[in-house]
1. As an exercise, find the ratio Rg/Rh for the range 220-347 from alpha-carbon atoms, using the Kirkwood inverse-distance average for Rh.
2. For the range 103-123 and the range 133-148, compute the distance between their C-alpha centroids and round to whole Å.
3. For the chain, compute Rg over Rh where Rg is the Cα radius of gyration and Rh is the Kirkwood radius from the inverse mean 1/r over Cα pairs.
4. What are the equivalent ellipsoid semi-axes of the range 152-230, built from the alpha-carbon gyration tensor (square roots of five times its eigenvalues), in whole angstrom, biggest first?
5. How far, in nm, would the chain grow between Glu37 and Ala332 when pulled straight, counting 0.36 nm per residue and subtracting the alpha carbon separation?
6. Can you pull the one-decimal nm distance between simple spin-label points at Asn229 and Thr86, each 7 Å off the Cα toward Cβ?
7. Explain nothing, just the number: dipole magnitude of the range 109-163 about its Cα centre with +1 on each Lys and Arg Cβ and -1 on each Asp and Glu Cβ, in debye rounded to the nearest 20.
8. What number does the range 298-343 give for Rg over Rh if you use C-alpha atoms and the Kirkwood radius?
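Just so it is clear, none of the values below were taken in a lab; they were calculated from the coordinates. None of the values given here were measured: they were computed from a predicted structure. Counting neighbours? That spans all protein chains shown, and the Cβs are built from the backbone with ideal geometry, glycine included.
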Amino acid sequence: MRASLVAAAAVCLLVAGCSAAESPTEPTTEATTPAAEPAQAPDAADPIGTVVPLAGAPEGVVVGSSGIAAAGVREPDGVVLFDAATGAVRQMVSTTGAPRHLSLAGPDGPVLVPLEGSDELLEISLADGAILSTATGVGRQPHDAVQTSDGTVVATNEMGGGVIFLRDGAIVSELPPGPVQPGGAAALGPFAAVADVQGNGVWVYDGATQREVSQAPIGVKLTHAVTVNQTVAGFADTDGGAVLLASVDDAGGIRQIASIDAPGNPYGLAVDLERRVLFVTLTASNVLRVVDVSDPAAPRILGDVPTVTQANSVAVDPRNGDVLVTGSDPGAASSIQIIPRAELPVG
C-alpha cells in the first residue's frame, strides 16, 4: 500500500528546562492518577510501505545490526524474531507474561525483555532465540530496561517505584522512588534517564555507582524515552502532546533543551543514530512524525507519513534506515509495517 507523504513545515519551540536544583515543587511520592497511555486509534486509511500481518498485537520492537528484528506479542505471550526487510518470522520465543518494551544491550543484542506479568527480566539472543539469562524478582511489573556504558542494566519498577540495577543477569541493588511509577528509560553513556508516567518528570541514575544523581520536572505525563545521542534523550510527553529533548551534563544533571510538537498522544520513539532522525508515533491519528535532530537544541519537523492502525512502537533498521512500525491493534490489523527509507521525508 502506498500513500503520498504529507508534507509538514513546522517551527519547533525551544524550551529551556530546569535542573533538579531549580525544581519548584517536590515530586509526588505515590501513584495518584491514571498513567499516560496511547490513544485508541481509528482504523488506518492507507499506510505506506509494506504491511505484514503479525498476530499478538505486537508492542515493543527492535532491530539488530544483523537485520534480525524482535517484537513483543501476547496471547500467546512471547518475543517473535523476524527478518526486518521482509517481516518473515524466524521463530517465537515463549515467555511468562508479555513484554511491552524491548531494548538492545548491544548493536546486535542481546534483547532486554522486561516481563510485567512475572516480574522477570530476560536477555534473549537475536541470532537463535536462546534465553541467555533470567533475573527473577525484578520489582513489581518491570516496564523497561536499558544498559549503561559500564554494562549495568537499569530496569524500571513500574508498580513498585524506583529502579532495579542488574549485572550479568542478576540483581545487584535497587533504589526506591524517585519516580513513583517509572515508565520508559534511555541510556546516555554511563547514565540512565527514567520517565515517570505520573507526571513527576525525569530521574537520572549512574549505572556504575547505582546512585540517583538528578531529577527535573519535565513535561506533563511522559511515557517512552529514547537515546538521541550520548548526552541527549527524547521523551514522549503523551499527555502533553509533545516530544521533549533533554540533555545531561558530565555529572548527570538534566535539563530540557527543546520541545517538538506532537499532537494526539505521541508514544513510540526511535532514532536513526547515523542519520540523526527521530521518529514519533502519533497514536490518535495513525501517523509517524519525522524529525531532524542533527541539532537537538533546534529540531526540525520534516514531515508525516501514514501508519498502520494503533502504531504504538517504532524501530529503525541500522543497516539502511528503513523504519518498522507495530500495528498494536489486537484484531485483524495486528501487524508490522516496513517503511523503506526512500519513502520517508529524510532527504
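1. Values: Rg = 14.0 Å, Rh = 14.5 Å.
When Rh is taken as the Kirkwood radius, the ratio is 0.96.
2. Here the answer is 7 Å between Cα centres.
3. Details: Rg = 18.2 Å, Rh = 19.4 Å.
Here Rg/Rh amounts to 0.94.
4. Working: eigenvalues 68, 40, 21 Å².
Value: 18, 14, 10 Å, ordered largest first.
5. Numbers: separation 295, 0.36 × 295 = 106.20 nm, distance 2.17 nm.
Extra length from Glu37 to Ala332 when fully extended: 104.0 nm.
6. 3.8
7. Numbers: 1 positive and 8 negative charges, 13 e Å.
It comes to approximately 60 debye.
8. Values: Rg = 11.9 Å, Rh = 11.6 Å.
In the range 298-343, Rg relative to Rh is 1.02.
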